[in-house]
Amino acid sequence: MTSTLTELRHQAAEFIDLRRDIHRHPELGYQELRTSDLVAERLAQWGYQVTRGLGGTGVVGQLQRGSGSKRLGLRADMDALPIQEATGLPHASCHAGVMHACGHDGHTAILLAAAKHLAEHGQFDGTLNLIFQPAEEGLGGAKRMMEDGLFERFPCDAIFAMHNMPGYPPGQLLLREGATMASSENITITLEGVGGHGAMPHCAADPVVAGAAIVMGLQTIVSRNVPPLHTAVITVGAFQAGQANNVIPQNATLQLSVRSLDREVRRLLNQRIGELVQATATAYGVRAQVDFRGGYPVLVNTPAETEFARAVARELVGSEHMVAQTEPLTGSEDFAFMLEQVPGSYLFIGNGDAATGGHGACMVHNPNYDFNDDNIAVGSAYWVLLTKRFLTA
Ligand SMILES: [Zn+2]
Ligand SMILES: [Zn+2]
């Protein structure tokens, strides 16, 4: 065990309490008022220069030491999910229907623990930017912070972020170079036909039949258009039309989630979805509109920064507690926007597996999930060591 890890273990209890306090008071995207207050107050207390308001509730804490010109960015997310918690834990959510089911309470606590230690004991030379972002869950808080000038006001030579991952031993660090998280597209298809009597379909243009053909047709894009060695997912998660058995409705709506691990495949999927929907709608005599909304790009970890992040992991936990090149995931993450502008790496920390059991092994976005507090020491020690190694004289 490195001395950094030992030191961070000593102060972990304070941040376990803080994590549970944040867990008890979850807030949805762009509504992280209490959480961002708490983050900003602590950072200011420890001597950080605090800037608020980027992306609404975003917070940036900056600490400069020495005369070095290097600039590092570390990012945590603060938002919760619209889920009714079912853990029954003493620190369970006290807000009905809102829950920290993705562990962003833990990510925030980890970065705050590192912030305190670095302020009080950190030997580094350069500029440290701690970025606490709102609204990671589908609302693009990272992008909003960037639109508010994040990297112009706080330039970074490299940026890093960490996410917990159930299914792996607690504290295990998993890294990957290249495409690591999928792009995500939220697509709504609106079909407009001609409503009519269910007994006289020849007098109508049925959007239900057209919609059914589109659902089936969409499945051929992955199987027939995407090269077989590439990853792609097209899920039709919602198909809404009609209210009565004897009425042909006027409209139908389909909602899609589309994922890929390659920028070119993403472009191909979007193009083929548009073409197939329009051609099928024409064939069935209905009109179609396809709306793309709030997509996330592919998250791509850059080679040099990932190699650096691996070296820090190796030094902190040893090769036996890390995975140097883990499998990519078809989930998405808006840190991808930041990595389009600044080189860096996004890594995972195991949250618990079958052997450890309990709420930590439960998958994220599940009402029984809970962040594993054992990770606060390891996670914050990782940020402290990475800062020291990156911002060296
Ligand atoms: Zn999530
Ligand atoms: Zn998450």
Checklist entry - Name the pairs whose Cβ atoms lie under 8 Å apart, with the first residue in segment 86-106 and over 11 Å from Phe371 (Cα atoms), the second open to solvent by less than 10 Å² (accessible area, probe 1.4 Å) and within 12 Å of ligand 1 (Cβ to nearest atom), and 6 or more positions between them or separate chains? => result Thr87/Tyr369; Ser93/Ala80; Ser93/Met99; Ser93/His100; Val98/Ala80; Met99/Ala80
Item to check | Unmet requirement for Pro90, which otherwise passes all of (1) within 10 Å of ligand 2 (Cβ to nearest atom); (2) open to solvent by 10 Å² or more (accessible area, probe 1.4 Å); (3) out of contact with any Asp or Glu (no Cβ under 7 Å at 6 or more places or on another chain) | outcome: (1)
Checklist entry - Which condition breaks for Ile349 when tested against (1) on the phi > 0 side of the Ramachandran plot; (2) within 16 Å of the chain's Cα centre (by Cα)? => result (1)
Checklist entry - Of everything in segment 94-115 that's under 22 Å from Ala336 (Cβ atoms) and of a type in the set (A, V, I, L, M, F, W, C), which residue is nearest to ligand 2 (Cβ to nearest atom)? => result Cys102
Checklist entry - Can we say Leu118 is within 16 Å of ligand 2 (Cβ to nearest atom) and assigned to a helix (DSSP H, G or I)? => result no
Checklist entry - more than 16 Å from ligand 1 (Cβ to nearest atom) and over 19 Å from Ile110 (Cβ atoms) - does that describe any residue in segment 73-81? => result no
Checklist entry - Which of (1) buried (at least 21 other Cβ atoms within 10 Å of the Cβ); (2) out of contact with any helix residue (DSSP H, G or I) (no Cβ under 8 Å at 6 or more places or on another chain) is the odd one out, the single condition Glu185 does not satisfy? => result (2)
Checklist entry - Which ones in segment 56-79 are touching an Asp or Glu at 6+ places or on another chain (Cβ under 6 Å), within 16 Å of ligand 2 (Cβ to nearest atom) and in a strand (DSSP E or B)? => result Asp77
Checklist outcome for this item: Going through segment 104-152 in order, the residues found to be under 18 Å from Tyr346 (Cβ atoms), away from ligand 1 (no atom under 16 Å from the Cβ), open to solvent by 10 Å² or more (accessible area, probe 1.4 Å) and in contact with a Leu (Cβ under 9 Å, 6 or more places away or on another chain) are Met146
Checklist entry - Given segment 256-354, what strands (runs of 3 or more DSSP E) lie entirely inside it while holding 3 or more residues that are charged (D, E, K, R) and either within 30 Å of Thr220 (Cα to Cα) or within 16 Å of ligand 1 (Cβ to nearest atom) (or both)? => result 287-296
Next on the checklist: If I ask for residues that are surrounded by 15 or more Cβ atoms within 10 Å (Cβ to Cβ) and of a type in the set (A, V, I, L, M, F, W, C), which ones from segment 10-43 would you list?
Outcome noted: Ala12, Phe15, Ile16, Leu18, Ile22, Leu28, Leu38, Val39, Ala40, Leu43
Checklist entry - Which one of Ala283, Ala355, Ala324 is small (Gly, Ala, Ser), in contact with a Lys or Arg (Cβ under 9 Å, 6 or more places away or on another chain) and surrounded by fewer than 24 Cβ atoms within 10 Å (Cβ to Cβ)? => result Ala324
Item to check | Search result, residues across segment 153-167 that are more than 16 Å from ligand 1 (Cβ to nearest atom) and either of a type in the set (D, E, K, R) or open to solvent by 30 Å² or more (accessible area, probe 1.4 Å) (or both) | outcome: Arg153, Pro155, Asp157
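The values are calculated or read from the model by the stated rules, or taken from the named source; none is laboratory data. Just so you know, these numbers come straight off a predicted model, no measurement behind them. Every residue, glycine among them, receives a Cβ derived from its backbone with ideal geometry; neighbour counts consider all protein chains shown. For accessibility, only protein heavy atoms count, side chains too; no ligands or nucleic acids. Shrake-Rupley method; radii C 1.70, N 1.55, O 1.52, S 1.80 Å.
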